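Undergrad: Dropping the structure in here first, questions after.
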Amino acid sequence: METTRRTEAEYIATISQVVRYIQSALDETLTPRQLANIAGFSPHHFHRIFRAVVGESVMDFVRRLRLERAAYRLKTGDELVATIAFDGGYGSQEAFARVFQAYYGLAPRDYRQTGLGHWVPSASGVHYEPGSFAPIRHAADSEMLASDGLCQAHGQWPDRFESHCEGLMAILTGFSSFVFTPPPREKTMIEVYTDIDREIEALEKEVEAAKLRLSEARRRRPKEPVADYVLENPDGTEVRLSELFGEKDDLIVIHNMGTGCSSCTMWADGFSGLSPHLMDRAAFVVCSPDRPEVQKRFAQKRNWSFRMVSAYQSPFFQDMGFWGNGPWPGVSTFRRQADRSIVRVGKAVFDAGDDFCAVWPLLDLLEHGANGWDPKDSYGEAPG
């Protein structure tokens, strides 16, 4: 069977299709594997070809074009920086500002006041331009396209076999995967950036963007007028919800299930260290349905330093929506209005894996995740 080697012009034409797609889909979720499919290459081959033609990795290219678009919007409009950051896929304005300054040498607000253009230097000469698609004139690294570094198999197999190349190599060589010529030096772990790393990075950006949308949706939630509930201090004296604000106008109330829930105990253990930081911004209280005296003993046993109140004789849990067959853990945030009335401005339910307890995300990074693990009130006691 006669085989042909792709020319530089053919590689440029193929990658140009991918570049044009990227330029038209900057608001969509773009993954390396998806873009490799558009090119008709295996992911391994695609990354090497794209870098040779464009002069940067495909995800660096996507990131640069999105930043150039953001810079263009900063210069030509009066949109909020936060809006531009969100549209660019960043989970916060701060994250966007850090990346923007790394590329442009200025914070977004400062850049807006300059006469600088929105292009970032690139080997390909392809930049963001609204409504137009810049072509690739020449490959950034022609020698790489012509060298064996791309591997003879990928260079010589006809186009219709491109997607099956690795499988054919396995059949011809008898190996489960084709072994390519090793690099001239061993790469350190920090230099190795694989397909799965790129996939993880893309998913992390999706999560950041989703969290930003979630935060904005929560802020749009209508404020709920709330009664001035009567609760109890650990010494049994009454305290009203309005009194828990102290000198603050914002209040965070943790709905804790009490002594019968080891998971809630774990969450509260974490809040013991966080509470000084939280209380610098807002009033912070943990509320449980335990009797005041039970609550007090348990708090002393756990060395909790934050304020606690009891809802043992109050419908507070039920009215706030944290009650099913019993109490349910979560958080409510309240705002004291100018007329001293109280409104609830936010709420969230606690569950394994959420962002309110650092234990679960850390365990999720282990090989088998939590693997059935459950929190306990104590881990140092010998088995009885």
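Undergrad: Could you say which residue among Glu68, Glu94 is open to solvent by less than 40 Å² (accessible area, probe 1.4 Å), of a type in the set (D, E, K, R) and under 27 Å from Arg198 (Cα atoms)? I'd like the intermediate steps shown before the answer.
TA: Values: Glu94 fails: open to solvent by less than 40 Å² (accessible area, probe 1.4 Å).
Answer to the selection: Glu68.
Undergrad: Which of the residues spanning region 20-33 are of a type outside the set (D, E, K, R) and within 20 Å of the chain's Cα centre (by Cα)?
TA: If we filter region 20-33 for residues that are of a type outside the set (D, E, K, R), which is where we start, we get 21-26, 29-32.
Within region 20-33, Leu26, Thr29, Leu30, Thr31, Pro32 qualify.
Undergrad: When both residues are 6+ apart or on different chains and their Cβ atoms are under 8 Å apart, which pairs have a first residue that lies in region 318-337 and is of a type in the set (A, V, I, L, M), and a second that is open to solvent by 20 Å² or more (accessible area, probe 1.4 Å) and at pLDDT 95 or above?
TA: Going by the 8 Å Cβ cut-off, the qualifying pairs are Val331/Ile252.
Undergrad: Separate question: Residues of region 239-255 being buried (at least 18 other Cβ atoms within 10 Å of the Cβ) and either modelled with pLDDT under 95 or in a helix (DSSP H, G or I) (or both), which ones?
TA: The answer is Leu241, Leu244, Phe245.
Undergrad: Residues of region 1-43 being free of Cβ contacts under 8 Å to residues at least 40 places away in the same chain and not hydrophobic (A, V, I, L, M, F, W, C), which ones?
TA: Listed by number, the residues that qualify are Glu2, Thr7, Glu10, Thr14, Gln17, Tyr21, Glu28, Gln34, Asn37.
Undergrad: Sticking with this one: Which one of the conditions (1) more than 27 Å from the chain's Cα centre (by Cα); (2) over 24 Å from Asp197 (Cβ atoms); (3) surrounded by fewer than 16 Cβ atoms within 10 Å (Cβ to Cβ) does Gly40 fail to meet, given that it meets all the rest?
TA: (2)
Undergrad: If we keep just the residues of region 71-85 that are touching a helix residue (DSSP H, G or I) at 6+ places or on another chain (Cβ under 8 Å) and open to solvent by 10 Å² or more (accessible area, probe 1.4 Å), which is nearest to Ala134 (Cα to Cα)? Spell out how you get there, then give the answer.
TA: At the first step, the residues of region 71-85 found to be touching a helix residue (DSSP H, G or I) at 6+ places or on another chain (Cβ under 8 Å) are 71, 73-75, 79, 81-82, 84-85.
The next check asks that each one be open to solvent by 10 Å² or more (accessible area, probe 1.4 Å); those that pass are 73, 75, 79, 82.
Values: Arg73: 19, Lys75: 20, Glu79: 26, Ala82: 28 Å.
Within region 71-85, the match that is nearest to Ala134 (Cα to Cα) is Arg73.
Undergrad: Is one or more of the residues making up region 261-275 assigned to a loop (DSSP other than H, G, I, E, B) and exposed (fewer than 13 other Cβ atoms within 10 Å of the Cβ)?
TA: Our first condition is that a residue be assigned to a loop (DSSP other than H, G, I, E, B); within region 261-275, this holds for 261.
Now narrow it down to the ones that are exposed (fewer than 13 other Cβ atoms within 10 Å of the Cβ): none.
Within region 261-275, none of the residues are assigned to a loop (DSSP other than H, G, I, E, B) and exposed (fewer than 13 other Cβ atoms within 10 Å of the Cβ).
Undergrad: On to the next question. Can you pull out every residue in region 357-384 that is out of contact with any Gly (no Cβ under 8 Å at 6 or more places or on another chain) and either crowded, with 16+ Cβ neighbours inside 10 Å or among the hydrophobic types (A, V, I, L, M, F, W, C) (or both)? It would help to see each step written out before you state the result.
TA: Taking region 357-384 as the starting set, the residues that turn out to be out of contact with any Gly (no Cβ under 8 Å at 6 or more places or on another chain) are 362, 365-384.
Passing the criteria: Leu362, Leu365, Leu366, Ala370, Trp373, Pro375, Ala382.
Undergrad: Let me ask something additional. More than 20 Å from Pro375 (Cβ to Cβ) and at pLDDT 95 or above, is that true of Val207?
TA: Details: more than 20 Å from Pro375 (Cβ to Cβ): yes; at pLDDT 95 or above: no.
When the stated conditions are applied, Val207 does not pass them.
Undergrad: Of everything in region 120-141, what is open to solvent by less than 50 Å² (accessible area, probe 1.4 Å) and either among the charged types (D, E, K, R) or at pLDDT 80 or above (or both)? Give them in sequence order.
TA: Once the filter is applied, which keeps residues that are open to solvent by less than 50 Å² (accessible area, probe 1.4 Å) and either among the charged types (D, E, K, R) or at pLDDT 80 or above (or both), region 120-141 yields Val120, Ser122, Ser124, Gly125, Val126, His127, Tyr128, Ile136, Ala139, Ala140.
Undergrad: Among the residues of region 281-301, which ones are surrounded by fewer than 22 Cβ atoms within 10 Å (Cβ to Cβ) and assigned to a helix (DSSP H, G or I)?
TA: The answer is Arg281, Pro292, Glu293, Val294, Lys296, Arg297, Phe298, Ala299, Gln300, Lys301.
Undergrad: Another one. For the structure I just gave you, tell me whether Gly117 is assigned to a loop (DSSP other than H, G, I, E, B), under 19 Å from Leu67 (Cα atoms) and at pLDDT 85 or above. First the steps, then the outcome.
TA: Details: assigned to a loop (DSSP other than H, G, I, E, B): yes; under 19 Å from Leu67 (Cα atoms): yes; at pLDDT 85 or above: yes.
So Gly117 passes the test.
The values are calculated or read from the model by the stated rules, or taken from the named source; none is laboratory data. Predicted model only: the values in this text are computed from it and were never measured. For neighbour counting, all protein chains shown are included, and Cβ atoms are generated from backbone atoms with ideal geometry for every residue, glycine included. Just the protein is used for accessible areas: all its heavy atoms, side chains included, with ligands, DNA and RNA removed. Shrake-Rupley method; radii C 1.70, N 1.55, O 1.52, S 1.80 Å.
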